[in-house]
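See below for the structure under consideration.
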């Protein structure tokens with residue numbers, strides 16, 4: 001019973017933290033606010049997580065556990081590169097729309113702690129590109145795709161999917177849209193990114 005109660009409390013903390021981080025980011029979030037949202041006192045919160053950084057990492061790990069297997073499955077199924085691009089961008093953008101704090105957190109961590117990427121890479125479901133790269137090379141040889149380096153293609157897919165979440169405020173300023181308009185743009189990018197990339201690489 002005690003273990004169950006502890007697990008429930010931890011889940012409450014992580015859910016509360018996710019909501020606060022999503023609204024205010026890592027820098028804007030406050031431990032007291034997270035404790036209040038979780039329905040516990042600050043001392044209890046610190047008992048579970050000694051710092052805001054450790055709490056954020058726990059929230060990130062929970063999200064990564066959900067995202068990584070999805071992406072890995074897409075990259076390693078038997079579908080064509082065109083289908084993979086469509087599924088990857090739609091899944092990735094949909095997921096990050098629900099966890100928009102994640103890209104900036106990763107960027108911040110990479111600047112502060114270069115070993116962070118090794119920690120992510122060591123996880124069992126970290127996406128494996130071997131099959132994707134082989135398929136790209138095969139489809140280039142079969143004249144389905146224009147000559148393109150598989151790694152450059154993957155960087156393009158990832159960059160076009162992730163940048164709007166990193167540069168949200170800049171994009172909103174450049175194209176003069178509000179939050180509602182930005183959400184519309186993000187929704188459209190679930191298919192627009194794939195369409196743009198496929199048009200550029202297909203024979």
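Measuring how big the range 1-50 is from its alpha-carbon positions, Rg and Dmax come out at 10.7, 36 Å. Residue-normalised convex hull volume from the C-alpha trace of the range 83-203: 120 Å³ per residue. Note on the range 1-112: Rg/Rh from C-alpha atoms, Kirkwood Rh, equals 1.07. Scaled against 2.2 N^0.38 Å for its residue count N, the alpha carbon radius of gyration of the range 87-152 is 1.44. Our note on the geometry: Cα centres of the range 114-182 and the range 15-62, 29 Å apart.
Axis of helix 130-141 versus longest Cα principal axis of the chain: the two differ by about 20°, to the nearest ten degrees.
What number, rounded to the nearest 500 deg cm²/dmol, is the helix-based mean residue ellipticity at 222 nm of the chain, given -39500 (n - 2.57) per DSSP H run of at least four residues and division by all its residues? The helix contribution divided over the chain gives -26000 deg cm²/dmol.
Ellipsoid semi-axes for the range 132-180, based on the Cα gyration tensor and the rule √(5λ), read 34, 10, 7 Å when sorted largest first.
The percentage of C-alpha pairs in the chain whose separation is greater than 22 Å is 57%.
Taken together, the values in this text are just the output of simple stated rules run on the coordinates, not laboratory data. These figures come from a predicted structure and were not determined experimentally.
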